[in-house]
Amino acid sequence: MSRARNATKAEIDQIRAICVLMFPNCFVLKGYLKRPLKIGIYDDLRAALKPTFPGISRTRLQAFLADYTGGLRYLHQVREGRERIDLYGNVVGVVTAHEAEHAKMRWLRRKITIRKRWETIPMLPGKISKFQKITRKEEA
């Protein structure tokens, strides 16, 4: 049995476009406000997409959901008491304190990772990065 390769960014974007078109009350394009999704939405999404798009593998669908729910905009919206929605935008639950704390920790780790990437970007001579500007302001 061969192992499926990881999904590419283009494949993830293609699945996102399909989901936005098929489930506009649930999924949004990049840059828009996201709402917390139902726990276990993967199974619902897989069942809904399989008849129409049998070529979408489990691995690629999981990669799409990981990308969608791992972004800063999504994690920022997962707060205690916020409503969780299903594929059709119906409220099916709320975010618990434990889930909100977990999302906050993921958000902080992601922010640290992004900041470290900014620090490693080589700058042109005489130019300073956003991070260096912020650091210089704090030192003054």
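How are the alpha carbon pair distances in segment 9-139 distributed across 10 Å bins from zero to the largest one, expressed in percent?
Going out from 0 Å in 10 Å bins, segment 9-139 shows 11, 35, 28, 16, 8, 1 percent.
Chymotrypsin sites (Phe, Trp or Tyr not before Pro), restricted to segment 1-53: which are DSSP loop and have at most 15 other Cβ atoms within 10 Å?
Sparse-neighbourhood loop chymotrypsin sites (Phe, Trp or Tyr not before Pro): Y32.
Return a single number: how many Lys pairs in segment 9-139, at a sequence separation of 8 or more or on separate chains, have alpha-carbon atoms below 15 angstrom apart.
4
Laboratory data are not the source of any read-out in this text; all were calculated from the coordinates shown. The structure presented is a predicted model; accordingly, all values stated were derived computationally and were not measured. Note that each Cβ is placed from the backbone with ideal geometry, even for glycine, and that neighbours are counted across all protein chains shown.
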